[in-house]
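Trainee: Questions regarding the structure given below will be posed in turn.
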Amino acid sequence: MIAVIGTISALAYRHTMAGPDDIQRVAATLERPEADYWERLELARAATMARSGEAARQLGVFAERIRDLTIDELPELYDETFRRGSLTGIEPLTRRLARRSADSADARTAVNALVPALDHLEADRNPFAYAVRALCCVLLVRANPASPPPTFSEPLPNSDRP
């Protein structure tokens, strides 16, 4: 059976699959900020660095965009973004992704739900767009393990990101 399917070396597997915790850690950056939020964000960025440099880069841009907000202002921005209006369905999705491992079907379903939210966040120039983009990166790796990790090298419409 192995001769028919072939084998994947541990090194190749590590570079093509998001680690078991990458999706959970990045999804945790999209949960309501609390006192440990900055640590949670840095842990997610550092954890994704080896397997998805683009996700780590997006989280770095996100951290840069929100760095001047206090720990009291972050939950306010979160509430305005994800608890009011058209994006209320994102919070239960990210909570679920942060709490349990996602298989490839879960990852595809989550990406399909996040893309319209990402469009909305980008149109509003909301800094959470970078965290959602990072989550999409690690989800896409899980959804399509044979494909190279996604990058966002082209400037997005209405984006002033570096």
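Trainee: Quick one: is GLY85 more than 17 Å from ASP21 (Cα to Cα) and touching a Lys or Arg at 6+ places or on another chain (Cβ under 8 Å)?
Mentor: For GLY85, the condition - more than 17 Å from ASP21 (Cα to Cα) and touching a Lys or Arg at 6+ places or on another chain (Cβ under 8 Å) - is not met.
Trainee: Which is under 12 Å from ILE23 (Cα atoms), modelled with pLDDT of 90 or more and either in contact with a Pro (Cβ under 6 Å, 6 or more places away or on another chain) or not in a loop (DSSP other than H, G, I, E, B) (or both), of LEU121, LEU41, LEU135, LEU114?
Mentor: The conditions single out LEU135.
Trainee: Applying the selection to the stretch 96-128, what residues are surrounded by 15 or more Cβ atoms within 10 Å (Cβ to Cβ) and touching a residue at least 40 places away in the same chain (Cβ under 8 Å)?
Mentor: Those that are surrounded by 15 or more Cβ atoms within 10 Å (Cβ to Cβ) and touching a residue at least 40 places away in the same chain (Cβ under 8 Å): LEU97, ALA98, ALA102, ALA107, LEU121, ASN126, PRO127, PHE128.
Trainee: Ok, one more. For the stretch 45-72, which positions are among the aliphatic types (A, V, I, L, M) and crowded, with 16+ Cβ neighbours inside 10 Å?
Mentor: ALA47, ALA55, ALA56, LEU59, VAL61, ALA63, ILE66 - these are the residues of the stretch 45-72 that are among the aliphatic types (A, V, I, L, M) and crowded, with 16+ Cβ neighbours inside 10 Å.
Trainee: If I ask for residues that are outside any helix (DSSP H, G or I), over 14 Å from GLU31 (Cβ atoms) and modelled with pLDDT of 90 or more, which ones from the stretch 56-87 would you list?
Mentor: If the condition is that a residue be outside any helix (DSSP H, G or I), over 14 Å from GLU31 (Cβ atoms) and modelled with pLDDT of 90 or more, then ARG67, ASP68, LEU69, THR70, ASP72 are the ones that fit.
Trainee: Next question, about the same structure. Of the conditions (1) closer than 26 Å to ARG142 by Cα; (2) without any contact (Cβ under 8 Å) to a residue 12 or more places away in the chain, LEU59 clears all except one; give me its number.
Mentor: LEU59 satisfies every listed condition except (2).
The values are calculated or read from the model by the stated rules, or taken from the named source; none is laboratory data. Not measured: the values here are computed from a predicted model. Because the Cβ atoms are built from the backbone with ideal geometry, glycine has one as well, and the counts that use them run over all protein chains shown.
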